[in-house]
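The values are calculated or read from the model by the stated rules, or taken from the named source; none is laboratory data. Keep in mind the model is a prediction, meaning the values are calculated, not measured. Every residue, glycine as well, gets a Cβ built from its backbone with ideal geometry; the counts of neighbours run over all protein chains shown. Ligands, DNA and RNA are excluded from the accessible area calculation, which covers all protein heavy atoms including side chains. Shrake-Rupley method; radii C 1.70, N 1.55, O 1.52, S 1.80 Å.
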Amino acid sequence: MKEIKVALLGFGGIAQSHKHGYDILKNEGFPVKLVAICDIDSSRFYSKQEINLGSVARGDLDGISLYTDIDEMLANEEIDTVDICLPTYLHKEYTIKLLRAGKNVQCEKPMSLSYADCEEMLATAKECGKKLMIGQCLHFHESYDYLRACVHDGRFGKLRNISLDRLSALPAWGYDGWYRDIKRSGGAPFDLHIHDIDIINYVLGKPKALSSVAVDAEMPRQYVNTRLFYDDVTVFVTASFNESASADFKMAFRARFDDATLIFEGGSVKVYPNEKGAPSYEAEGTRNDERKDYMAEEIRTMAYYVADPDFINTVNAPEGAASSIFLIEKIVESASRGGEIIKL
């Protein structure tokens, strides 16, 4: 496999998590190289950025070219892929700009703020003959992959009901306060809810209908609870930017199968068998100290996607990310109508 040369666009908290992923791959000798970083605020090159997951070791920037102007970077650097870590409202604009500049694009989630935007991004990638992937990182997280495997191979019988939670304080991070601006971030539905809605869309497919309620606080739809309707599975998904500033970020799921309950909350997936007195156990490979870095695995998949014309991206196809934005739009519509059930 040839070496894939990458540039990061934006260097806030999520981009620094990506940078950590590139460092992991570099240390193992995988042929992907971060050659440039571009951010309009040069101070970000030299400071850690906190997000709801905390911060990561930013690593050194030796040998990486630093820019504050994207056009200058494109003129001066040989780049195969640009990894977009910009605020959500800029995703469509810069994805299309870079695809038309002949670059493959890995873009952070959410794909954009409307399904129409997503369709335009997909069409542009096809027109330009370039690869596009969206950073739905849970597709590379072993705990969620374990859930998907259990659903598909039936090791615990059929999935009967599942609840998923993603809870955070209102973001105090982000350039120019953009997270707190519903027009620029989409709020909790687009920034938080999208993770769990997308993973359910990936694991179970498109629901038959949905219903959602939301609570307005300092910003609209700061808390949202959604039910997704399937023939034989009950699904509830909650997202909140309405937690206290001192509360830890939480991502979790609780899944009831015929023969066991699976509970994930931070550390690992614990399996609780049906038999009275049977001991619970941690699912293999899902503990924090066992799991691979999911940002690194996302980047690895994009590199394969770019390097191999025959590689079929079944793990994280951009069409799937677009369909999840379609569901988020319907969730916002339902919430605006007081929880009306919307058939899909």
Query raised in the report: Do the sum for the chain: with -39,500 (n - 2.57) for every DSSP H run of n ≥ 4, divided by all residues, what is the mean residue ellipticity at 222 nm, to the nearest 500 deg cm²/dmol?
Result: -9500 deg cm²/dmol
Query raised in the report: Between Pro309, Cys150, Asn104, whose Cα lies farthest towards the positive end of the dipole of the chain when Lys and Arg beta carbons carry +1 and Asp and Glu beta carbons carry -1, centred on the Cα centre?
Result: Cys150
Requested in this report: Note the angle between two axes, namely the Cα long axis of helix 91-100 and the longest principal axis of the Cα atoms of the chain, as a number of degrees from 0 to 90, rounded to the nearest 10.
Outcome: 50 degrees
Query raised in the report: For region 74-114, what does the alpha-carbon gyration tensor say about shape, rounded, prolate or oblate, given a ≥ b ≥ c as the root eigenvalues, a/c under 1.5 as rounded, and a/b over b/c as prolate?
Result: prolate
Query - Max mean-square fluctuation residue, GNM over the chain, Cα-Cα springs under 10 Å, options Glu108, Glu127, Glu265 - result: Glu127
Query - Exposure of Cys137 as accessible area (Å², to 10), given a probe of 1.4 Å and all protein chains - result: 10 Å²
Report summary line: Diffing region 269-278: the Karplus 3J(HN,Hα) column from phi (6.51, -1.76, 1.60, θ = phi - 60°), in whole Hz with x for Gly and Pro, holds 8, 9, 9, 10, x, 5, 4, 4, x, 5
Requested in this report: Figure the gain on full extension for Lys250 and Tyr304 (residue separation times 0.36 nm, minus the Cα-Cα span) and round it to one decimal in nm.
Outcome: 16.3 nm
**Report entry** Heavy atoms of Arg155 accessible to a 1.4 Å probe, total area in Å² rounded to 10
**Finding:** 110 Å²
Report task. Just report the Cα centroid separation between region 271-299 and region 142-203, whole Å. Result -> 18 Å
Requested in this report: May I ask for the angle, rounded to the nearest 10°, between helix 13-27 and the longest principal axis of the chain, with both axes built from Cα atoms and the value confined to 0 to 90°?
Outcome: 80 degrees
Report summary line: Given a Förster distance of 22 Å, the FRET efficiency implied by the Cβ-Cβ spacing of Glu319 and Lys158, rounded to the nearest 0.05, works out to 0.25
Report task. Return the distance in nm (one decimal) between the two label points of a simple spin-label model at Tyr230 and Lys292, each offset 7 Å from Cα along Cα→Cβ. Result -> 2.5 nm
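Given a Förster distance of 30 Å, report the FRET efficiency between Ile263 and Lys183 from their Cβ-Cβ distance, rounded to the nearest 0.05.
Working: r = 37 Å, r/R0 = 1.23.
For R0 = 30 Å, the calculated efficiency reads 0.25.
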Query raised in the report: What percentage of the solvent-accessible surface of the chain, computed with a 1.4 Å probe over protein heavy atoms, is contributed by carbon and sulfur atoms?
Result: 46 percent
Requested in this report: Once you have the Cα-Cα distance between Ser47 and Lys33, take 0.36 nm times their residue separation minus that, and quote the gain in nm to one decimal.
Outcome: 2.9 nm
**Report entry** Partners for Lys92 among lysines (Cα-Cα distance below 19 Å; same-chain residues under 8 apart left out)
**Finding:** Lys103, Lys109, Lys126, Lys130, Lys131, Lys183
Query - Heavy atoms of Arg100: accessible area, 1.4 Å probe, square angstrom to 10 - result: 140 Å²
Report task. Return the long-range amide H neighbours of Ala101 (sequence gap of 5 or more, or a different chain), with a cut-off of under 5 Å between placed amide H atoms. Result -> none
Query raised in the report: What is the total of Lys pairs in region 197-344 with C-alpha atoms under 16 Å apart, excluding same-chain pairs fewer than 8 positions apart?
Result: 5
Report task. Give me the angle, in degrees from 0 to 90, between the Cα long axis of helix 294-307 and the longest principal axis of the Cα atoms of the chain, rounded to the nearest 10. Result -> 60 degrees
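Report the net charge of residues surrounding Gly157, where surrounding means a beta-carbon distance below 14 angstrom and charges are Lys +1, Arg +1, Asp -1, Glu -1.
Values: positive: Arg155, Lys158, Arg160, Arg256; negative: Asp153, Asp232, Asp258, Asp259, Glu275.
Residues close to Gly157 contribute a combined charge of -1.
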